[in-house]
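Heads up: the structure comes next, in structure tokens.
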Amino acid sequence: MLYSFQRRCLMKSRGIIQKVMGLGMVLGIGCLIYAEEKPLTLPLSEISPDLKQQFGRYYEPIKFQVQPQVPSYQLPLKPSQIQNYSQVSFYLNQGSAKDLLLKNGFVTVNFGNEEDVVNAYKKIKQSDTPIFITSDSLLHLYHIQFDETLKRIEEKEFYSELIKISQAYQKEFQERYKTSFGISKEADRRGIAFFTVALKLLDPKASVPKEVKSLVDWELKQIEAHKGFPGDLEAEQNSIFKYKEDYSQYVPRGHYTQSENLKRYFKAMMWFGRMTMLIKGNKIYGPDKPALVSPEEAKIQTILASTIAGLAGELKLEGEPLIEKWNRIYGVSAYYVGFADDLTVYEYQSALRTVFGDKFKPNELALEQNFSKFKAQIASLRKPAIYSGTGECEIKPGEGIDGLLDKTQGLRFMGQRYVPDSYILGRLVTQPLTGEHCFTTVCTQYGCIRGFPRGLDVMAVFGSKRALEILDSQGDSNAYSAKGNSYQEAFEKLRKEFASVSEKDWNQNLYWSWLYVLKSLTAEGNLAGYPTFMQTKAWKDKQLNSALGSWASLRHDTILYVKQSYTPTVKASIPMEFPVVGYVEPVPEFYARLITLTRMTIKGLEELKVLDEESKGRLESLEGILNRLLEISIKELENKKLTGQDYDFINDFAKHISVVVTGASEATQKTTLIADVHTDQNSGQVLEEGSGYLRLVLVAYKLPEGHILIGAGPVYSYYEFKHPMSDRLTDEKWREMLNSGKAPSLPDWTKSFASF
């Protein structure tokens with residue numbers, strides 16, 4: 001079923017939203033105190049409002065009314081019908097550009113190596129071509145705000161706080177190790193190692209305690225080599241948690257390549273976000289067995305997880321409980337990206353209280369009877385919704401991933417986040433494939449499966465019929481029709497789940513709300529009265545391209561926090577009669593949703609006290625521009641004449657949006673971005689989603705005076721391809737591929753509107 005978090009609790013401290021998760025009773029800051037000698041008192045905290053509801057307060061939808069009645073024109077067009085055709089004809093010398101323009105009323109063409117939206121509009125204006133303001137450019141401007149604000153918070157605040165948290169835990173586990181014994185002593189040793197790895201990633205000068213040197217050195221060596229999964233025996237003998245980890249994930253990517261501190265933060269948070277302290281053990285264990293680790297190993301990891309949860313409320317940092325700093329990092333990042341689907345420290349605290357009551361001695365967990373009760377309590381809680389490669393699990397051909405989710409249940413200290421697109425991608429793989437080989441096909445010695453998902457899967461599940469048509473036409477939806485084992489059945493289940501998501505839930509945080517904006521571009525609906533070019537099938541393809549290009553930016557910006565899906569290993573100059581003026585892409589619902597998202601960003605980050613004045617100024621400028629575009633697009637659809645001020649605004653669009661990017665880093669402003677979104681263990685490859693150099697869309701629009709003009713604006717170039725997991729691409733490597741001409745081809749389905 002669609003993963004959701006129904007009971008999230010909050011506490012407020014010094015005006016900062018504090019994240020508390022739990023099912024049932026939830027313990028607050030300092031409620032669970034860890035000590036060796038005397039019993040602990042575990043008082044109940046006040047249960048505060050649901051965090052998702054708290055974030056939902058920032059969602060205020062924009063209401064508008066419009067009655068589209070733009071006069072149509074007959075397709076195909078003739079050059080003589082277009083008043084400024086000869087003025088823009090130099091753009092149409094590329095391939096099939098002229099034919100596509102006349103056939104569909106628009107076309108996209110190459111625009112050189114331009115990767116800056118502001119410069120693109122400047123160039124168009126300098127060429128005396130009317131400006132066509134595109135949804136793509138607005139999406140990119142929002143990406144800049146999202147990425148810059150998140151990067152600033154991470155670099156200025158979270159990096160140093162994570163060091164303090166790691167130091168506090170390392171020190172406490174070292175003290176405990178001196179006096180503990182038996183299995184608890186081994187759990188404490190693992191705790192030293194776990195936090196020392198994070199500390200070394202954050203601060204290379206940090207010391208490594210001698211009792212964990214071999215463990216830490218091995219983990220750091222794997223992280224720096226980032227070659228993927230080690231062998232079974234090697235992992236069991238040398239790793240901290242005795243199962244295989246995908247170390248290729250530790251290559252800093254996204255904006256995390258822009259400074260040394262960001263690189264270090266990326267690696268440490270990836271460590272905290274991916275490593276699971278497993279609850280399930282079995283005498284028969286391994287990647288293809290009932291559990292990933294032995295019962296004794298699972299007990300060690302569960303005692304460690306419980307100790308971490310208990311210490312979170314007791315340890316003090318700068319006069320406040322450590323949990324408040326944890327809450328700060330988790331809560332702010334949750335507003336950007338969402339919540340973890342793995343268990344958190346709060347759920348472990350709650351389980352301890354359920355089993356042991358108000359009094360608890362940590363050593364009690366070492367007793368088998370107590371441990372069994374606690375294990376049963378934890379096992380009854382939610383399972384992860386996304387399989388993210390833990391242990392390099394193996395399944396039989398056509399087998400679902402639910403069994404893997406049970407094997408990988410446990411605590412992640414700062415777990416990666418559940419996002420709907422990763423959930424979708426992870427559910428639309430492993431189905432046995434029939435027919436011709438296609439993009440999604442991966443063949444193993446046990447048969448061919450749908451080993452890779454596609455970005456089109458996400459858009460199709462979200463409601464785009466055109467995306468599903470393309471998947472069908474390219475063979476990517478061919479799978480066995482056996483009940484419970486086909487792409488079609490898995491897809492239909494997902495489609496129904498997401499069709500039932502409310503508008504409020506689509507706007508529970510910035511990540512979900514960004515996806516909601518993209519849904520407006522691909523939504524099916526009545527386009528009567530809209531411009532002729534927007535009623536073509538080719539325009540649907542263009543809007544899919546725009547949505548997917550922006551989705552690639554979203555995944556790029558959140559690559560550290562988003563829980564990536566995995567495919568488990570399968571075993572088995574002419575005088576003008578009328579003024580030549582520009583045009584705004586008339587998509588009012590898109591502008592309304594993006595205004596809402598921008599306002600949510602401002603309000604939420606202000607209340608979280610992480611929005612600096614420069615970032616706030618950029619966001620407010622973007623909001624003002626979007627409000628103007630909403631007004632103009634409604635006028636256009638109602639076939640009303642625009643004012644001179646409206647046309648001046650369009651013509652000077654580059655000047656207006658330059659304010660929105662002032663102070664943003666040059667790297668963030670570039671459209672050349674890449675993100676790996678899915679890993680296939682069978683082929684050792686990842687699915688890369690990227691945007692390249694800007695392309696130019698030429699659009700024929702009819703004005704109220706009755707004449708047709710062609711305007712131009714920048715649009716995304718969208719790329720989707722497979723690449724070795726041992727070489728996960730950074731933005732820098734991706735730009736080298738683009739510059740050297742080694743980038744893959746654009747998707748075949750874009751040929752309906754794109755001239756190459």
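Read-outs throughout are calculated quantities, based only on the coordinates presented, and are distinct from any laboratory measurement. Please read these numbers as outputs of a predicted model, since none were measured by experiment. All Cβ positions, even for glycine, are placed from backbone atoms using ideal geometry, and neighbour counts span all protein chains on display.
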Would you calculate the volume per residue, in Å³, of the smallest convex hull containing every Cα atom of the stretch 538-673?
-> 218
Rg/Rh (Cα only; Kirkwood hydrodynamic radius) as it applies to the stretch 419-468 = 1.01
Using only the alpha-carbon atoms of the stretch 213-362, report the extent along each of the three principal axes, biggest first, to the nearest angstrom.
-> 46, 45, 31
Among Leu150, Val355, Gly389, whose Cα lies farthest out toward the positive end of the dipole of the stretch 146-417, if unit charges sit on the beta carbon of Lys, Arg (+1) and Asp, Glu (-1)?
-> Val355
Please list, or write none, the lysines whose alpha carbon is within less than 22 Å of the alpha carbon of Lys722, excluding same-chain residues fewer than 8 places away.
-> Lys227, Lys563, Lys571, Lys733, Lys742, Lys751
Using modelled amide H (1.01 Å from N, peptide plane; none on Pro or chain starts), what sits under 5 Å from the amide H of Thr440, excluding residues fewer than 5 places away?
-> none
Largest first and in whole Å, give the semi-axes of the stretch 269-317's equivalent ellipsoid, each being the square root of 5 times a Cα gyration tensor eigenvalue.
-> 26, 13, 5
Beyond 26 Å between alpha-carbons counts as too far, so tell me which of Lys493/Lys670; Lys125/Lys603; Lys496/Lys540 fall in that bin.
-> Lys493/Lys670; Lys125/Lys603
Using 0.36 nm per residue of separation minus the Cα-Cα distance, give me the extension gain between Ala499 and Phe90 in nm, one decimal.
-> 142.8 nm
Is the shape of the stretch 146-417 best called rounded, prolate or oblate, per the rule: a/c under 1.5 gives rounded, else a/b larger than b/c gives prolate, else oblate, with a ≥ b ≥ c the square roots of the Cα gyration tensor eigenvalues?
-> rounded
Just need the relative contact order of the stretch 146-417 here, percent rounded to a whole number, with Cα pairs under 8 Å and 6+ apart.
-> 21
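Only four residue types carry charge here, +1 at the Cβ of Lys and Arg and -1 at the Cβ of Asp and Glu. Report the dipole size of the chain about the Cα centre in Debye, rounded to the nearest 20. Each step should come with its number before you reach the end.
On the way: 93 positive and 92 negative charges, 183 e Å.
Charge dipole, the chain, about its Cα centre: 880 debye, nearest 20.
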Helical mean residue ellipticity (222 nm; -39500 (n - 2.57) per DSSP H run of 4+; nearest 500) of the chain | -14000 deg cm²/dmol
For the stretch 56-135, one quarter of the surface area of the C-alpha convex hull, expressed in nm², comes to 8.7
Of all DSSP beta bridges located in the chain, what percent are antiparallel, nearest 5?
-> 75
Among Ser80, Leu687, Leu433 - extreme Cα towards positive end, dipole of the chain, charges at beta-carbon = Leu433
Expressed in Å to one decimal, the Kirkwood Rh of the stretch 446-565 from all distinct alpha-carbon pairs is 15.9
P(r) histogram, all alpha-carbon pairs of the stretch 605-745 included - 5 Å bins from 0, percent | 2, 8, 12, 14, 13, 13, 13, 12, 8, 4, 2, 1, 0
Based on the mean of other beta carbon atoms within 10 Å per residue, what is the order of 303-309, 491-497, most packed first?
-> 303-309, 491-497
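Using only alpha carbon positions, build the gyration tensor of the chain, then give the equivalent ellipsoid semi-axes as the square roots of 5 times its eigenvalues, largest first, whole angstrom.
49, 28, 22
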Measuring from its Cα centre, the stretch 146-417 shows a charge dipole (+1 at each Lys and Arg Cβ, -1 at each Asp and Glu Cβ) which, in debye to the nearest 20, is 360
Row for the stretch 512-576, column shape: gyration tensor on C-alpha, a ≥ b ≥ c, rounded if a/c < 1.5 i.e. under 1.5, prolate if a/b over b/c, else oblate; value prolate
Counting other C-beta atoms within 10 Å, which of Phe498, Phe241 has the fewest, and how do the rest follow?
-> Phe498, Phe241
